[in-house]
Amino acid sequence: MSTFTERISAALDTTDAREAGHRVHQVVAQEMRNLDPTATAEITGYFNHSYVPDLVMQWGKGRQAFDRPIFLRHSLRSSRASGDLDNFNRNDLPAFYLSLASAEPEEETRQVRAQANEHRGSRVLVTTVPALDDLTPTTQRPDPVLGLVRASIVRNAKGAIVESDVENLVLPRDRQIEQRELAAFSETVSSVFTEDAVLRINRVFGIVEQALADEPSVEALLLSGQLSETEIRELVPYLLSLQGVTRDRDFWTAVARLINLTDIEQMWSQFADLDLTPLASAASGLWRAKRVLMSLRSDAIGVEDFDRTPRWSAKGNLLAAEIGDWRLTFANKAQKMKIANRDLTPARWGDLLPSLEAYTVTAVDLRGLQTRSQYGAQESTQDMKQRVEAFIRTADDSFHLPSVTVATGVGDERSEITANFTEMMLDAKPDSDLETLARAALRILGYRHPTAEADLTALLAGTGLPQDEHEAKEAHGENVSDDHTENGDDPE
Amino acid sequence: MAKETAQRLGYEGLHEIKEWLEATMRFAFTYTVWDSEPMCTRPCPDGTKKALDLEGNTVGRPGDRPRPVSVECKKYTTVGGQAEGYREFLAVAYANTVHMTDSIGEDAEREFLWVTYHPFSQTKWSELLTVKHLRECVEDHLGLLDGAEIDDDLLAIVAQRIGVLVVGQRQVDIRLSKDEAGLALHHLRKEGYRA
């Protein structure tokens, strides 16, 4: 593949000035999008104009919208003559000046560097095409630190990036980093990126370091805030597919705190084909969803040697957990999950009741042969089980339950979860954590086909099944699924 | 060409004129001769290549086709050699128009501007843009046409595309600031104005 410098030289290789502009705009726009795929590039049609940028890079919409103008110049000398360096005096301009020249006189780079060093608070960037060449990955192996550095150049680089400055930003791929290289990296990152980008790059650097440590130190990580889209894209798939990555629960919980379920849903394609178990299991007490669809894994039923190891993955654009013969699909907004079923079999009260023991039942929908009744508690703390039981006993009818609502949690964590048997769907109001929802789905919606507590424990712990014990029980003909009600934890 | 380059305005001087012209909102210059001499060079039928100072185009109103523009800049404090230089400039303007029309098959409607900080040929000032004067200049440099006949209709057309702008430093200094011009052009772009 040709370098950025070579592509610019080829684009300029014409005698038609307008054509040169058109071609260069396409090459620069492509390079900027390669560096930061979250950005869009508007080409203005002006080439090397004093006042109108050649491209306007854009991110976000509405209040989150951010623009950065890119001015193309034929050389650093030309940029200086245009007065671009004077803009280092200003802290309100995010202008990005890019010299197209394939080489620059040393005196020019010295002047640019001197101006940038005098005005470290400025957001103006002066750089050159050859300087950015060194950011091109030389292998297919992902490197989240380099990925984030590359992506941050377009939006967050400032000061002067000239000559071989970028070499300091590219750490050895084998991660055998010498102190000297680390010092140069830190110093260069601090001088050429805005404060928030420096924090993000250092955070990803720290996470990657700890991911490969024998005993990861969560304290060493910068764990405030949320990961940006770029950080998630660069870091999380890398960690999930990294050979020898730590299984340390505290580490993965710390990473999960920086992400939420919406991020996974929006960036689902980044996670396709990846085993999300280390991350999602650690997140099961953190990430919150509003809706869960429960479905039987038809490919697993009746297949003895089917791998039933509980695991998390991205199915379509949603997070899913596979456990036993079930698949649970989670959505953080109700509208993201369409109702697939409407006419499945309602529950029978008597059969369901043992599964409700651990819950406060706040509402039931009773459908009889002659009547239909809805029982709801005035207070969400009031358990309706005995009243429902009494009503069914005395009523001259035979009832099914299309749905039942239970309350879980306390205080801010309190949530009412409606299990709809005809749709095999849970709806939580407000949302609830994945662990609570998974437990409610398996116990209540899946009451006819119970799941072993060991399976649920393994799903939430992100560990494999305790194979020996599991297989031993199966060998003795013991129904490993039956023990879940005895060992079940109180979800409240 | 070497002599021509030696007399050129420096980078800063050329950029000052570039900014001043672009602040009118009527022009967009892609190259100075310092950026690329070949890009600023106008060829003539006899093979002569004349490097001018700025290469760009007009900023078109919505629906207008931007037209190419060449500019020669003179930051003189005296008349200097402008009289003869301007005569050659006119001859090149006509010869280049002939050459480009012949080579690309259509007239690109290129404009030629002479921008100076000091007036010249003041006794003939009112004639500098006339067809008659243009013809005289072309006849003085007839070799540029490589034997082609002078076309009176084309002379009249090219004369319309010549401009002489005399500027003072104060005039340049009161141009819109970068922020102001950027803002104005931002809105013009939104209205469909294009370079």
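The values are calculated or read from the model by the stated rules, or taken from the named source; none is laboratory data. As the structure is a prediction and not an experimental result, all values here were calculated from the model. Every residue, glycine among them, receives a Cβ derived from its backbone with ideal geometry; neighbour counts consider all protein chains shown. Heavy atoms of the whole protein, side chains included, go into the accessibility calculation; ligands, DNA and RNA do not. Shrake-Rupley method; radii C 1.70, N 1.55, O 1.52, S 1.80 Å.
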Rg/Rh ratio calculated on Cα atoms of chain A (Kirkwood radius): 1.11
Where A meets B: accessible area buried, both sides, 1.4 Å probe, Å²: 2400 Å²
Charge dipole (the protein assembly as shown, unit charges on Cβ, about Cα centre) - positive-most of A:GLY462, A:LEU182, A:VAL162: A:VAL162
Over 22 Å (Cα to Cα) - which of A:LYS315/A:LYS336; B:LYS74/B:LYS132; B:LYS18/B:LYS50; A:LYS158/B:LYS178; A:LYS385/A:LYS429; B:LYS49/B:LYS74 fall in this group: B:LYS74/B:LYS132
Partner chain coverage, peptide B:19-27 - average Cβ within 10 angstrom: 2
Relative contact order of the stretch B:1-112, pairs being alpha-carbon contacts under 8 Å that are 6 or more residues apart, as %: 23 percent
Average partner coverage of A:74-81, which counts Cβ from other chains inside 10 Å: 5
Value of relative contact order over the stretch A:4-193, rounded to a whole percent, pairs C-alpha under 8 Å and six or more apart: 16 percent
Relative contact order [Cα under 8 Å, 6+ residues apart], chain A, whole percent: 9 percent
The stretch A:170-274: GluC sites (Glu not before Pro) falling in loop per DSSP and having at most 16 other Cβ within 10 Å: A:GLU178
Kyte-Doolittle at least 0.5, axis length at least 24 Å by Cα - qualifying DSSP helices, chain B: none
Descending Cα extents along the principal axes, the stretch A:4-193, whole Å: 49, 40, 37
Net charge dipole size for the protein assembly as shown [Lys, Arg +1 and Asp, Glu -1 on Cβ; Debye, nearest 20]: 2180 debye
P(r) histogram, all alpha-carbon pairs of the stretch B:62-130 included - 10 Å bins from 0, percent: 17, 43, 27, 12, 1
Set of aspartates and glutamates with alpha-carbon distance to A:LYS290 below 17 Å, sequence-local pairs under 8 removed: A:ASP263, A:GLU265, A:ASP412, A:GLU413, A:GLU416, A:GLU423, A:ASP427, A:ASP431, A:ASP433, A:GLU435
Restricting the stretch A:263-315 to trypsin sites (Lys or Arg not before Pro) in coil, as DSSP defines it, with at most 16 other Cβ within 10 Å: A:ARG297
Local net charge near B:ALA159, Cβ-Cβ under 10 Å (Lys/Arg +1, Asp/Glu -1): +3
